[in-house]
Each structure stands twice: as structure tokens, then as C-alpha cells.
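Beneath this line is the structure, given in C-alpha cells, with notes to follow.
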Amino acid sequence: SSGINAEWPLRPGSIQKGDLIVMATDGLFDNMFQQQIVDRLQRIDRFAPSYEALKEAADKLAADARNLAMDEDYMSPFAMKAQHYGLNFRGGKLDDITVLLASVVDCWDEKNDT
């Protein structure tokens, strides 16, 4: 299991120590499938990530999405959805791409707060 939680807003208790949170514009999600993103984040030490590791991973995700956006033959998530709705679209989708990564290093437990 990849541990993916694609719900928003997150439910109380759904975030745990070691979780990586990806916040990005649609330029990332229109050009990269969820599993591609998860695969690229596997190298990060989830429980003690350095700032440099998070920045490098965010930069790499943005660069990968940009490269895929310019690939006219790539069947992007956007292209697949467009074809599902009867549009003749193939390739990536040029768009703004911003990626932020956050790591949950500790969690606050309301039950133990006195």
C-alpha cells in the first residue's frame, strides 16, 4: 500500500508522523499520475527528511511535470480525462507548475492535551 490519502479536507487523525504532504498546482496533477509522484518520493526518509531532500524532491517533481507537459506523445492524466469526455487530445498540458512538500515530524494529540 502506498499510503495515499487524496481526501481534502483531511479528517482529524488522518495525518501521522512520517507522512509527506504534496501541495501543488494542477500543472503537476494534470501531467503526472499519482503513482508516478509516489514513486519519486520513495527515496525520502519520511521520519527525518532534511530540508535539502524535500527541496530536491519538489524541484524534481516540478521538472518532471514540465518535461511531460511538453511531450506531445505522452498520455497524461489530463489527456486521458479529455479523451474520456470525447475530446481528441494527446500529450501533456502546458500550465504553471508549483510544488510544495511538507513532512509531518510530530502530531498533536488532543486527547492528551490537558
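The values are calculated or read from the model by the stated rules, or taken from the named source; none is laboratory data. What you see is a predicted model, and the numbers here were worked out from it, not measured in a lab. Methodologically, a virtual Cβ is constructed for each residue, glycine included, from the backbone with ideal geometry; neighbour enumeration extends over all protein chains shown. Protein only, heavy atoms only, side chains kept; ligands, DNA and RNA dropped before computing areas. Shrake-Rupley method; radii C 1.70, N 1.55, O 1.52, S 1.80 Å.
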When Ser103 is run through (1) surrounded by 15 or more Cβ atoms within 10 Å (Cβ to Cβ); (2) under 11 Å from Asp30 (Cβ atoms), the failure sits at (2)
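For (1) at pLDDT 95 or above; (2) small (Gly, Ala, Ser), each residue gets a yes or a no:
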position: Ile44; (1), (2): no, no
position: Ala48; (1), (2): no, yes
position: Ala58; (1), (2): yes, yes
position: Ala65; (1), (2): yes, yes
position: Phe78; (1), (2): yes, no
position: Leu87; (1), (2): yes, no
position: Val99; (1), (2): yes, no
position: Asp106; (1), (2): no, no
position: Lys111; (1), (2): no, no
Filter the stretch 63-77 for residues that are buried (at least 20 other Cβ atoms within 10 Å of the Cβ) and of a type in the set (A, V, I, L, M, F, W, C) and give the result.
-> Ala65, Leu68, Ala69
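Out of Ala57, Ala53, Ala82, Ala102, report the one residue that is touching a strand residue (DSSP E or B) at 6+ places or on another chain (Cβ under 8 Å) and assigned to a helix (DSSP H, G or I). Step through it out loud before you land on a result.
Details: Ala53 fails: touching a strand residue (DSSP E or B) at 6+ places or on another chain (Cβ under 8 Å); Ala82 fails: touching a strand residue (DSSP E or B) at 6+ places or on another chain (Cβ under 8 Å); Ala102 fails: assigned to a helix (DSSP H, G or I).
Being touching a strand residue (DSSP E or B) at 6+ places or on another chain (Cβ under 8 Å) and assigned to a helix (DSSP H, G or I) holds for just one of Ala57, Ala53, Ala82, Ala102, which is Ala57.
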Would you say Phe47 is surrounded by 13 or more Cβ atoms within 10 Å (Cβ to Cβ) and assigned to a loop (DSSP other than H, G, I, E, B)?
-> no
Assess whether Ala82 counts as being modelled with pLDDT of 95 or more, among the hydrophobic types (A, V, I, L, M, F, W, C) and more than 19 Å from Arg40 (Cα to Cα).
-> yes
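Look through the stretch 89-99, keep the residues that are closer than 12 Å to Ala58 by Cα and in a loop (DSSP other than H, G, I, E, B), and return whichever of them is most open to solvent (accessible area, probe 1.4 Å). Walk me through it before giving the result.
Residues of the stretch 89-99 that are closer than 12 Å to Ala58 by Cα, as a first pass: 97-99.
Applying the additional criterion that residues be in a loop (DSSP other than H, G, I, E, B) yields 97-98.
Working: Ile97: 44, Thr98: 71 Å².
Among them, the one singled out is Thr98.
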